[in-house]
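Just so you know, all these numbers are worked out from the coordinates, no wet-lab data involved. Note that the structure is predicted; figures quoted are calculated from it, not measured. In this analysis, Cβ positions are derived from the backbone assuming ideal geometry, glycine residues included, and neighbour counts consider all displayed protein chains.
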Amino acid sequence: MEKQVGNQRQERQIGLMQVTLDLPESVAKRLPKEPALIASIFERGLRGMWSETAGAGREVIEFLASGPGPAAILKFKPSQALAARSSTLLEKNSAGKLEPEEAAELDELAQLDSFVSILKAEARKRLPEAA
């Protein structure tokens, strides 16, 4: 990271490591030019692979792959393990004791919750009208 101070330019290193990758040309062409954006892509990918929340997305995908109707979508709830993990993260967040990795995990859960809420709103529109 560079910082301009008067006429002097100072560089501040934050634990950077240079990495060389061999990628298929089709993938390399899709990468952004800005190093910070590339780092962000890696961070999100690794977080998704290794976080405890990765299973949460899989839960939703498996449920949707089963072809549920609107009523089943409205009844969908996360597993007890996922609900317990969410509660733990929310409690730690309220107490101000959330680690950075846990904050990222909580953000992932919030995004997933938002997706499921939108899905349920759409499912509600497709329920047959009550007679």
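Some points to look at:
- Distance violations [Cα-Cα > 21 Å] among K77/K125; K75/K125; K77/K97: K77/K97
- Net charge in the neighbourhood of L31 (other residues with Cβ under 15 Å of its Cβ; Lys, Arg +1, Asp, Glu -1) is 0.
- Sorted fewest first by neighbouring Cβ atoms within 10 angstrom, I61, I73 come out as I61, I73.
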